[in-house]
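Here the structure is laid out as structure tokens; the discussion comes afterwards.
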Amino acid sequence: MAQLNDLPAVEAAARKAVAETTVTDIHTHLFPPSHGELLLWGVDELLTYHYLVAELFTVAPRTLSPDDFRKLPKPRQADLVWEHVFLRHGALSEAARGVVTTLSSLGLDVGGRNLRSIREWFASQNVDEYLAKVFHLAGLDYAVMTNNPFLPAETACWKLNLPVPPCLRTALRIDSLILNWPAAAKAMKAQGYKTSARPDAAGFKAARKFLADWAARIKPLYFAASLPCEFRYPSRDLSTRLLDEVVLPAAKELNLPVALMIGVRRQVNPALGDGGDTVGIADVSAVQALCRAHGDAKFLVTMLSRVNQHELCVLGRKFGNLHLFGCWWFCNNPSIIEEMTRQRLELLGTAFTCQHSDARVLDQLIYKWSHSRKIVADVLAEKYRDLFAAGWRPGEAEVRRSARSILGGAFEEFCAK
Ligand code: FIX
Ligand code: ZN
């Protein structure tokens, strides 16, 4: 193994490794092109991303209400975001800069600020070819979708057995099964399962069958749920019984990890739709209790609050059935990605997944990964600089292995164990 023998070589190798490593994006809200309008792409979807719509209403004139905004056609909504967030307020936020990075990476003249010509370019794109182009530009092997078996718009597509490109993998999204049994029971009943609003043993048995059937249909890499910051385990809430008697038995049976995304406070401002959610400090000991109570289950965990990160990171070192991933949502900002990645490398080595995109719009893969790669590259270079100063002499392959580990390799290893 050729060793790297000077500091600049080690740092350059770390940056090169992160820049060139193929990434596995373990959580997105993308869909196959064959699922039609479920897959969002193009400049108008980029501009009306709920992050940017929320920003719009921090600067928009009071004469513009979210209700009026939502009634407008998508291009008109995009025009308003472009005008107020970009042209009048300078596009400095991470979400706004993201649009600029994406358009520039596609070779479009964003500096000219001509939205009409940008729109014309997108109108000339073929979605299947464009999907391949975006995955190539972002440097991804595959991305994991969010597939909700309780939503008729989604289940209808799966029951038609439409084509799914290999670069898109599935995850079974089960929030309502944990948080809202009556709604989940109703949806399962509509699909022919013997469930009722009363959470009983027969209903739980049917729900386990529902999960197994959907797993057989779409072959998910994991079950996933986002949970509120008030989530507690164990508790007297029904959620504890649903985890213990439905979700975890089904997951263990299928040897699938359960991804928990914890810390959201949904709909503090419903007028903003998806942009109306916020963050709350969650209870890390709920994760601790789950890992202990279900030592034979695998947990993928990310938390929304910056305040929870250190405690969660330490916990990540206590349980082999716990894998931490991503700088989720309100943590997906350069200053916090840097802090979280440094802390995780210091406490966990490379046994974590440093980021996921959470892309809701296909094109976002381009900026979410180019922005994160840069920060992760700087932090990894810094850590290798310190390791080199201590006397370790890594080879280039070893550095590449570390980069791949935190960009998807460790996730695949965890899922396979
Ligand atoms: O629960 C989730 O998967 C969240 O990522 C979304 O609900 C959220 O709206 C989002 O898009 C975050 O980036
Ligand atoms: Zn998400």
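Overview of values
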quantity	calculated
Residue within the stretch 9-29 that is of a type in the set (S, T, Y), outside any loop (DSSP other than H, G, I, E, B) and open to solvent by less than 40 Å² (accessible area, probe 1.4 Å) present	yes
Residue ID - nearest to ligand 2 (Cβ to nearest atom), chosen from residues in the stretch 266-310 that are basic (K, R) and more than 14 Å from W328 (Cα to Cα)	R266
Members of the stretch 30-50 found to be surrounded by 22 or more Cβ atoms within 10 Å (Cβ to Cβ), within 16 Å of ligand 2 (Cβ to nearest atom) and part of a helix (DSSP H, G or I), listed by number	none
Test: residue in the stretch 62-82 that is within 16 Å of ligand 2 (Cβ to nearest atom) and either open to solvent by 40 Å² or more (accessible area, probe 1.4 Å) or modelled with pLDDT of 95 or more (or both)	no
Top-ranked residue in the stretch 150-165 [being within 16 Å of ligand 1 (Cβ to nearest atom) and in a loop (DSSP other than H, G, I, E, B); ranked as least open to solvent (accessible area, probe 1.4 Å)]	F150
Scan of the stretch 17-34 for residues that are away from ligand 1 (no atom under 16 Å from the Cβ) and more than 21 Å from A377 (Cα to Cα), ordered by number	P32, P33, S34
Filter result (open to solvent by less than 70 Å² (accessible area, probe 1.4 Å) and more than 14 Å from ligand 1 (Cβ to nearest atom)) within the stretch 134-149	V134, F135, A138, G139, L140, D141, Y142, P149
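One line per residue, one yes/no per condition, for (1) under 19 Å from the mean Cα position of the chain (by Cα); (2) among the hydroxyl-bearing types (S, T, Y):
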site: L168; (1), (2): yes, no
site: R173; (1), (2): yes, no
site: N180; (1), (2): no, no
site: K194; (1), (2): no, no
site: K209; (1), (2): no, no
site: D213; (1), (2): no, no
site: S226; (1), (2): yes, yes
site: F231; (1), (2): no, no
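The values are calculated or read from the model by the stated rules, or taken from the named source; none is laboratory data. In this text, all values refer to a predicted model and were calculated from it rather than measured experimentally. As a convention, Cβ positions derive from the backbone with ideal geometry for all residues, glycine included, and neighbour counts pool all protein chains shown. Just so you know, the surface numbers come from the protein's heavy atoms only, side chains and all, with ligands and any DNA or RNA stripped out. Shrake-Rupley method; radii C 1.70, N 1.55, O 1.52, S 1.80 Å.
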